[in-house]
Amino acid sequence: MRDWTPERVAAAARARLAALAPADARGPSGVSIDSRELAPGELFVGLRGRTDDGGRFAAQAIAAGAWGVLARPEHLAGLDGSRSVLLAVPDPLTALGALAREYRRGLGASVVAVTGSTGKTATKDILAALLAHSRPTVASDRNLNTEIGVPLTILRAPAGTAALVLELAMRGAGQIAELTTICEPDIGVIVNIGPAHLELLGSLEAIAAAKGELLAGMRPGAGAVVPAGEPLLDPFLRPDLRVVRFGEGGEVQLVGAGPEGVTFAVRERRVTIEPGFRAAHLLTDLGAALAAADALGAPIPERVSIAFAALRGERVSLPGGVTVVNDCYNANPMSMRAALDDLAATAPGRRVAVLGDMLELGTLDEERYHRELGDEANVAGVALLVTVGPRASWAAETFAGEHLHAPDAASAASVLRGRLRAGDTVLVKGSRGVALERVATDLACAS
């Protein structure tokens, strides 16, 4: 936004220009919501949080060399308008989204928005790696996928960006619609529909409707990438969208995997690619990414190197030939099943699973889904199951092997320590609120 005038920034954010600062002021070099991390020349946006209001730090931002401050009017009173552009708005968060939308329109990039009950981050990472081979690509960092993270990702894309891959989070009805309005995607990807956030939405149909807000908010002619054979999404597939389905029976589907790579049928052609993984759930995510790339008309590279986000299937080798699969960023019934399937397919020796509570499933369903974990661990050939948290303990009632229980992550490693054997593969997975990454860290430190 360096070529934006203060007046243009104000118009984009729908803000009142309270102070213009120097007459020759150029546009901001970027946007920051943290006065402690702000770089000179950036626009500081003072967002109201749960416990504090960032607008209170407007003076500190100006002292740090902010190009300007976007905040509620009461936080701008008495500030030195000769040193910084002052932009007054009643709701800085809404203004941040409006600013990002206007920037997106001028960027000239193709925008892909990715959502789903599970696998959206992996799909985003895979698609970004595919597109980066043919065009300058920017993707959401880590999980910057909320009404704050999505605008910040858009605003951090440099001039010349040709593809912008955004992850959209969903905590309840209306959020995907809000994010879609901000990013105006050319391609919308829904990876799947599953029992995540049941506590908030109550049913799979309601979850599908929340995800379907992405399709409802896209312009006519935009591309919709959806899983084949998912009837819950059928009501949201508008006739004016270009629909591409992935998975069995779709326009993009897995044909097979071999030493040369994995082969997909992409409409009328075969594409063989070496992605560096073979896990079934990741190959599904790869299919979704290939469908999105096809919808964009992007060429598919023969080999792609993908750096997945932290705590998502990271493999850590410990002394004694023990491997820890650190997949504890989050969990729901779909991702738990996929992780156990991968454990069964890849563990060369004894299989150990440390499984924590799955949160936000709702009181009517959480016991059933946790009991099913025990059955799924049996099918996966798990020899030792360690459950962590009160909900996860229900899995022991259906599990047939050796079982240990820990009340929380802090004690889980000590419960497990001394019971591991050479050649074990240990899956560690649970919802983010359980913080099971501590288990993986404690095991590594104790080795």
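Quick look at the values:
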quantity: Residues that are of a type in the set (V, I, T) and surrounded by 17 or more Cβ atoms within 10 Å (Cβ to Cβ), drawn from region 294-322; calculated: I300, V304, I306, V322
quantity: Sole residue being touching a residue at least 60 places away in the same chain (Cβ under 8 Å) and hydroxyl-bearing (S, T, Y), chosen from T272, T284; calculated: T284
quantity: Given (1) in contact (Cβ under 8 Å) with a residue 60 or more places away in the chain; (2) closer than 18 Å to L318 by Cβ, number of the condition A383 does not satisfy; calculated: (1)
quantity: Region 117-128 - residue that is at pLDDT 95 or above and not charged (D, E, K, R) and, of those, nearest to P151 (Cα to Cα); calculated: A128
quantity: The listed residue being within 23 Å of the chain's Cα centre (by Cα), in the same structural domain as G174 (by TED's automatic domain parsing), of a type in the set (G, A, S) and surrounded by fewer than 24 Cβ atoms within 10 Å (Cβ to Cβ), out of G30, G119, G49; calculated: G119
quantity: Single residue of A279, A210, A291 found to be crowded, with 16+ Cβ neighbours inside 10 Å, at pLDDT below 95, under 17 Å from G116 (Cβ atoms) and small (G, A, S); calculated: A279
quantity: Inter-residue pairs, beta-carbon under 7 Å, first in the same structural domain as G172 (by TED's automatic domain parsing) and in region 344-365, second crowded, with 17+ Cβ neighbours inside 10 Å and part of a loop (DSSP other than H, G, I, E, B), 6+ apart; calculated: none
quantity: Given (1) within 23 Å of V138 (Cα to Cα); (2) of a type in the set (D, E); (3) at pLDDT below 95, index of the condition E260 fails; calculated: (1)
quantity: A377 under 21 Å from R312 (Cβ atoms), outside any strand (DSSP E or B) and either polar (S, T, N, Q) or at pLDDT 95 or above (or both); calculated: yes
quantity: Contacts under 6 angstrom Cβ, first residue in region 416-434 being acidic (D, E), partner at pLDDT 95 or above and outside any loop (DSSP other than H, G, I, E, B), 6 or more apart; calculated: D424/V352
quantity: Helices (runs of 4 or more DSSP H) fully within region 7-120 counting 3 or more residues that are within 30 Å of N192 (Cβ to Cβ); calculated: 92-107
quantity: Residue ID - nearest to the chain's Cα centre (by Cα), chosen from residues in region 180-191 that are within 13 Å of T115 (Cα to Cα) and either of a type outside the set (A, V, I, L, M, F, W, C) or in a loop (DSSP other than H, G, I, E, B) (or both); calculated: V191
quantity: The listed residue being in a loop (DSSP other than H, G, I, E, B) and closer than 16 Å to R101 by Cβ, out of A177, A169, A173, A157; calculated: A157
quantity: Any hit, region 58-74, residues being in contact with a His (Cβ under 8 Å, 6 or more places away or on another chain) and over 18 Å from W4 (Cβ atoms); calculated: yes
quantity: Top-ranked residue of region 318-336 - restricted to ones that are more than 19 Å from the chain's Cα centre (by Cα) and at pLDDT 90 or above, ranked as nearest to S110 (Cα to Cα); calculated: V325
quantity: Filter result (in a helix (DSSP H, G or I) and either on the phi > 0 side of the Ramachandran plot or of a type in the set (S, T, Y) (or both)) within region 264-319; calculated: T284
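Residue-wise test of (1) farther than 21 Å from A100 by Cα; (2) of a type in the set (V, I, T); (3) at pLDDT 95 or above.
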site: M1; (1), (2), (3): no, no, no
site: W4; (1), (2), (3): no, no, no
site: E7; (1), (2), (3): no, no, no
site: A10; (1), (2), (3): no, no, yes
site: V31; (1), (2), (3): no, yes, yes
site: L47; (1), (2), (3): no, no, yes
site: L70; (1), (2), (3): no, no, yes
site: A77; (1), (2), (3): yes, no, no
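Rundown of residues vs (1) at pLDDT 90 or above; (2) at negative phi, yes/no style:
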site	(1), (2)
A395	yes, yes
H403	yes, yes
R417	no, yes
G423	yes, no
V428	yes, yes
D442	no, yes
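The values are calculated or read from the model by the stated rules, or taken from the named source; none is laboratory data. Just so you know, these numbers come straight off a predicted model, no measurement behind them. For neighbour counting, all protein chains shown are included, and Cβ atoms are generated from backbone atoms with ideal geometry for every residue, glycine included.
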